[in-house]
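*Asks:* A single structure is presented below for examination.
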Amino acid sequence: AATLKDPLSGKSLLDAWGGYVRTLGTGSDYTVFLDRIGIPSVDLAFKPAGSNSSYGLYHSIYDSFSWMQSVGDPQFEYHALAARLWGLIAIRAAGRRVV
């Protein structure tokens, strides 16, 4: 994450992140993998500081490509950053031994 840049602040993603990690909790698609079969899981999202949601319209009728294109992430900078971050995680995980 130190090699990736946050589009808004220009800081490295590691510096912009600030080290905050929370537990996954329950009630989402990964619950069965983590709680029932014990498969390690992660949920990565970009959220405004102090927000519990990536954006206030998640799972509403306004949760659409057009809203994202006009309001949420018009340049799709955070979408591209998320793809780069997931790619980096996949590359690094592929080279590790699974215990």
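*Asks:* Amide H to amide H, which residues 5 or more places from K5 or on other chains are under 5 Å from it, using H placed in the peptide plane?
*Replies:* Counting only residues 5 or more places away or on other chains, the set is L13.
*Asks:* Let's test the formula: R0 of 35 Å, r as the Cβ-Cβ distance of A2 and R36. What FRET efficiency results, to the nearest 0.05?
*Replies:* 0.50
*Asks:* Sticking with this one: With +1 on the Cβ of every Lys and Arg and -1 on the Cβ of every Asp and Glu, and nothing else charged, how large is the dipole of the chain about its Cα centre, in debye rounded to the nearest 20?
*Replies:* 440 debye
*Asks:* In whole Å, how far is the Cα centre of segment 55-99 from that of segment 6-34?
*Replies:* Answer, in whole Å: 11.
*Asks:* Between R96 and S60, what is 0.36 nm times their sequence separation minus the Cα-Cα distance? Round to one decimal in nm.
*Replies:* 9.1 nm
*Asks:* Let me ask another. Using only DSSP helix segments of four residues or longer, with each worth -39500 (n - 2.57), what per-residue ellipticity at 222 nm results for the chain after dividing by its residue count and rounding to 500?
*Replies:* Computed mean residue ellipticity for the chain: -7000 deg cm²/dmol.
*Asks:* Please list, in order along segment 3-13, the HN-Hα scalar couplings obtained from phi with the Karplus expression 6.51 cos²θ - 1.76 cosθ + 1.60 (θ = phi - 60°), rounded to whole Hz, x for Gly and Pro.
*Replies:* Working through the residues one at a time gives 8, 9, 10, 6, x, 6, 8, x, 6, 5, 4 Hz.
No lab work stands behind these numbers, since they all come straight from the coordinates. What you see is a predicted model, and the numbers here were worked out from it, not measured in a lab. FYI the Cβ positions are ideal-geometry reconstructions off the backbone, even for glycines, and counts take in every protein chain you see.
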